Amino acid sequence: MGGDAAGPVPTDQHDFALWEKRVDALMILGAARGHFTVDGLRRALEDMGEQAFEDMSYYERWIASINQNLIEAGVYSLEELGSKMEEVRTRGETYGAAQDV
Amino acid sequence: MPHDHHDHLSPSGHPYRSDNDAPLSYWQVMEIAVRELMIEKGEVTAAEVAAQIDAMDARNPSHGARVVARAWDEPEFRAALLADATNATREMGFDIGPMNLVAVENTQDVHNVIVCTLCSCYPRNLLGLPPDWYKTREYRSRTVKEPRKVLAEFGVELPDNVTCRVHDSTADMRYIVLPARPKGTDGWTQEALAELVTRDSMIGTGLAKQP
């Protein structure tokens with residue numbers, strides 16, 4: 001990445017959405033609990049391959065990496081994740097509607 | 001500036017809240033699932049997640065501006081900051097966390113600019129979350145290769161006799177630029193000086209405002 005050719009630097013700026021702020025918080029809190037280091041997160045990002053950096057947004061890559069690290073740390077299993085995601089999807093069609101409140 | 005949503009108005013004329021009203025994405029589902037699993041497993045509480053978001057939102061470039069203004073005003077603090085920015089800022093009461101902070105000083109001969117070629121390392125505990133462009137492929141790729149061209153895009157034209165130093169951040173080594181103090185500010189209070197310090201001037205993609 002560093003040193004590659006690229007176009008002008010885009011200067012668009014967006015407010016972070018709530019789900020993105022939560023990913024950021026989970027990253028800090030998960031690291032504070034000792035489940036991963038920044039290096040562990042980075043390794044999972046690298047494993048995604050170059051295309052992920054084109055197709056996924058910043059916090060999409062981060063939640064994928066946090067999830068990978070938490071499963072490896074044994075915090076929850078892949079099966080538990082699958083069941084939970086399935087259940088979340090049944091709650092509603094928007095992020096707001098899918099909250100468990 | 002935060003982008004507005006004037007091109008996405010609802011029938012009532014109000015902007016949609018893009019964070020909550022867009023169709024639920026796969027990655028949003030994963031965020032909800034990961035967060036709830038961590039809560040169920042007793043790793044975190046919902047209150048801790050909310051508190052962490054509030055703490056991060058409270059950090060912003062004005063914190064860094066106070067550090068810079070003090071360094072301009074107090075030679076002893078400037079020396080302490082350049083020697084050990086982690087401790088110098090921590091002693092001002094900022095929660096710098098476990099990262100090492102390194103301050104690099106702009107002078108009439110040297111201009112510093114910071115980047116994270118790997119990803120997005122940034123002095124976030126002092127300045128808040130990085131601007132979007134800091135995380136872009138374009139900024140990260142080109143700043144180490146053609147910094148003067150990148151700076152020109154930000155409106156900073158470096159004379160040929162000024163050395164440009166690019167600092168590549170890492171997870172445990174974050175940089176902050178101590179911009180050059182603008183001329184004509186002798187005798188100013190630190191509060192007034194801090195008003196001249198922009199976020200970009202502490203990244204190196206900008207200069208302090210002229211009085």
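All of the numbers you see were taken from the coordinates with simple rules; none came from a lab. Only a predicted model underlies this, so the values are computations on that prediction, with no experimental measurement involved. Neighbour counts are summed over all protein chains in view; Cβ atoms, including those assigned to glycine, are modelled from backbone coordinates with ideal geometry.
The figures follow:
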item: Of the criteria (1) over 29 Å from B:Arg137 (Cα atoms); (2) surrounded by fewer than 20 Cβ atoms within 10 Å (Cβ to Cβ); (3) under 17 Å from the mean Cα position of the chain (by Cα), which one A:Tyr58 fails; result: (1)
item: Helices (runs of 4 or more DSSP H) enclosed by region A:1-94 - at least 1 residues per element that are more than 9 Å from every other protein chain (Cβ to nearest Cβ), without any contact (Cβ under 8 Å) to a residue 60 or more places away in the chain and not hydrophobic (A, V, I, L, M, F, W, C); result: A:38-47, A:50-55, A:58-72, A:78-89
item: Selection count where residues are among the aliphatic types (A, V, I, L, M), surrounded by 16 or more Cβ atoms within 10 Å (Cβ to Cβ) and in a helix (DSSP H, G or I), scope region B:40-53; result: 2
item: Boolean, B:Lys183 is outside any strand (DSSP E or B), more than 12 Å from chain A (Cβ to nearest Cβ) and in contact with an Asp or Glu (Cβ under 8 Å, 6 or more places away or on another chain); result: no
item: Region B:90-123: number of residues that are under 22 Å from B:Leu151 (Cβ atoms) and part of a loop (DSSP other than H, G, I, E, B); result: 12
item: Subset tally (residues that are in contact (Cβ under 8 Å) with a residue 60 or more places away in the chain, surrounded by fewer than 19 Cβ atoms within 10 Å (Cβ to Cβ) and more than 11 Å from every other protein chain (Cβ to nearest Cβ)) for region B:126-166; result: 1
item: Number of the exception - B:Val113 against (1) surrounded by fewer than 16 Cβ atoms within 10 Å (Cβ to Cβ); (2) under 18 Å from the mean Cα position of the chain (by Cα); result: (1)
